[in-house]
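Chemist: Take a look at this one; I'll ask things after.
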Amino acid sequence: MSKSIEKFLTESKMAVDNGINKSSIAVRLGNLGYGTEQMNVGVNLVNEATQLHQNQKKEYGEQYAATDYVDMAIKALNGVYMNHLQLARIVFKNERGISEALQLTGKRKRVIPEYLAQVGLFYNNALSTLTVMEGMKRFNVLEEHLQNGLTLLNSANAAYQQQKKEKGEAQEATELRDAKLEELEEWMGDYLKVARIAVADSPQLLEALGIVVS
């Protein structure tokens, strides 16, 4: 589709509405097979495509909002996590077993699900290991502080799952809209060809249907 979707929908609605409401056009169209039944097909296609387009915009808005929420949740989590991680690296610098259990070494994962899994290892293993909780007290990091990190992680995980859901719904809405637009575009192509023939002798009626007179 070379023109914008909004422009296509607007022009299609005008062409169909005028084909029905302007008796001088409706009579001629009816004589060529575009009577009430056929025109109602066009009306329904325009309405359905318009509704699906509006829904697609809504779904993408929800996806963008969910993405922003994920960013905020991860930012909040990362601020707490990096503080705990850096302190743990000092406390357990000579404890290879704990270092491995808490994933203290190496770079942090950059892909969201991998990052969340890495943070999860840290907090879940820290909170289930008495040695770790006792060691972290050296810097006044108590169990409640580690639990807070886990709570932030759970919030980030929930936000990420919601984002994936919204993304799936947005993609589905796009597929449904595009399929309906293709159906409308095909119907409009035939309709306007017939309409051009029906009112070929009247530039004003052609214009009412949005047909450019060359």
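The values are calculated or read from the model by the stated rules, or taken from the named source; none is laboratory data. From a predicted model like this one, the values you see are computed outputs, not experimental measurements. Neighbour counts run over all protein chains shown; Cβ positions are idealised from the backbone, glycine included.
Chemist: Out of the residues in region 50-70 that are more than 12 Å from the chain's Cα centre (by Cα) and buried (at least 18 other Cβ atoms within 10 Å of the Cβ), which is farthest from Met14 (Cα to Cα)?
Modeler: Val70
Chemist: Further, regarding this structure: Look at Tyr69 and say whether it is out of contact with any Ser or Thr (no Cβ under 9 Å at 6 or more places or on another chain), at pLDDT 95 or above, closer than 30 Å to Ala173 by Cα and among the hydroxyl-bearing types (Ser, Thr, Tyr).
Modeler: yes
Chemist: Could you tell me which of the residues Asn18, Asn40 is touching a helix residue (DSSP H, G or I) at 6+ places or on another chain (Cβ under 8 Å) and either β-branched (Val, Ile, Thr) or assigned to a helix (DSSP H, G or I) (or both)?
Modeler: Working: Asn40 fails: touching a helix residue (DSSP H, G or I) at 6+ places or on another chain (Cβ under 8 Å).
Exactly one of Asn18, Asn40 is touching a helix residue (DSSP H, G or I) at 6+ places or on another chain (Cβ under 8 Å) and either β-branched (Val, Ile, Thr) or assigned to a helix (DSSP H, G or I) (or both), namely Asn18.
Chemist: What's the number of the condition Leu153 fails, among (1) more than 30 Å from Leu77 (Cα to Cα); (2) hydrophobic (A, V, I, L, M, F, W, C); (3) assigned to a helix (DSSP H, G or I)?
Modeler: (1)
Chemist: In region 91-127, which residues are under 24 Å from Ile74 (Cβ atoms), in contact (Cβ under 8 Å) with a residue 24 or more places away in the chain and in a helix (DSSP H, G or I)?
Modeler: Listed by number, the residues that qualify are Ala101, Ile112, Pro113, Tyr115, Leu116, Val119, Gly120, Phe122, Tyr123, Asn124, Asn125, Ala126.
Chemist: Among the residues of region 160-201, what is the count of those that are over 20 Å from Val46 (Cα atoms) and either surrounded by 15 or more Cβ atoms within 10 Å (Cβ to Cβ) or not small (Gly, Ala, Ser) (or both)?
Modeler: Matching residues across region 160-201 total 15.
Chemist: Determine if region 33-41 includes at least one residue that is among the aliphatic types (A, V, I, L, M) and touching a Phe, Trp or Tyr at 6+ places or on another chain (Cβ under 7 Å). Give the steps one after another, and end with the answer.
Modeler: Here is the first cut: in region 33-41, the residues among the aliphatic types (A, V, I, L, M) are 39, 41.
Filter again for touching a Phe, Trp or Tyr at 6+ places or on another chain (Cβ under 7 Å), leaving 41.
Among the residues of region 33-41, at least one is among the aliphatic types (A, V, I, L, M) and touching a Phe, Trp or Tyr at 6+ places or on another chain (Cβ under 7 Å), which makes the answer yes.
Chemist: I'd like to check something: does region 72-83 contain any residue that is farther than 20 Å from Gln147 by Cβ and not polar (S, T, N, Q)?
Modeler: Within region 72-83, one or more residues are farther than 20 Å from Gln147 by Cβ and not polar (S, T, N, Q).
Chemist: Ok, one more. Find the residue count for region 132-149, including only residues that are closer than 16 Å to Ala101 by Cα and surrounded by 14 or more Cβ atoms within 10 Å (Cβ to Cβ).
Modeler: So the count comes out to 5.
Chemist: A further question on this structure: I need a count of the residues in region 176-214 that are over 30 Å from the mean Cα position of the chain (by Cα), free of Cβ contacts under 8 Å to residues at least 12 places away in the same chain and part of a helix (DSSP H, G or I).
Modeler: 7
Chemist: Also: Any chance you could count how many residues in region 1-48 are small (Gly, Ala, Ser) and surrounded by 17 or more Cβ atoms within 10 Å (Cβ to Cβ)?
Modeler: 5
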